[in-house]
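Peer 1: What follows is a single structure, and I will ask about it in a moment.
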Amino acid sequence: CVYMAVKLIPFGKAMMAAISLLPMALETAGSYSYDVLVNGLSFLFIGYVFYLAYEKKGARIKDWILMAVIIFFLAPVKVVYVLLAFLCLLIPMESERKFWLGTAGVIASGGLSCLILRLTAIMNLAVQSGAGSAGTAENTYTISYILSDIPRVIGVLYNTLCRQSDAILAPLYGQKLGYWDVSVPYYISFGFVLVLAVSLLAKEKERIYIKS
């Protein structure tokens, strides 16, 4: 999936390759985790959408079907990844009707698969649920709770980034890997940060499609 994504995407090939070769990505790719499917299909979908949007500049029926199939298998694994379907809005179409039908079809494919395979999880997310160890009700971050207290949720996210950024970034760049927390020297993991930063630089003769 990553190979096809790097091959198809018209720009940012080095960056996509660098992200897919981060220690955590490689560890996940060699495991039995469901993130193997999530990461691989996400790379493929992103690369394919940008190919259609900026290289092919359009999509045919078979393209829409392929994107719908990818989202159908991707969304139920982690429901939040259904949002990737909205990248289809980048694809230009000669017919506005075909554009909206194709985009709606891809989004509906993800929603349908979630309803079929993850209905229970969606209901638990949307409805207040859970009880404490003593049997008392306990607030959880459901959709209704988030929408009812957005300032508090933003504060929680901010505090999490301030206090847990090291714990979040260290595994991503390979400082601690696996269930046994195999420690990797800091300079090695920092080297991956530098590689990722270099991959962001514009390459000679690389076409730039997105401008600020």
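The values are calculated or read from the model by the stated rules, or taken from the named source; none is laboratory data. Fair warning: this is a prediction, and the values are worked out from it, not measured in the lab. Quick note on the areas: whole protein, heavy atoms, side chains included, nothing else; ligands and nucleic acids left out. Shrake-Rupley method; radii C 1.70, N 1.55, O 1.52, S 1.80 Å.
Peer 1: Any idea what the alpha-carbon Rg over 2.2 N^0.38 Å comes to for the stretch 1-111?
Peer 2: Cα Rg divided by the expected 2.2 N^0.38 Å: 1.06.
Peer 1: Give the carbon-plus-sulfur fraction of the accessible surface of the stretch 26-106 in %, rounded to a whole number; probe 1.4 Å, heavy atoms of protein chains only.
Peer 2: Roughly 68 percent of what the probe reaches on the stretch 26-106 is carbon or sulfur.
Peer 1: Would you mind checking the pairs 13/57; 78/98; 13/98; 57/78 and listing those with alpha carbons more than 21 angstrom apart?
Peer 2: 78/98; 13/98; 57/78
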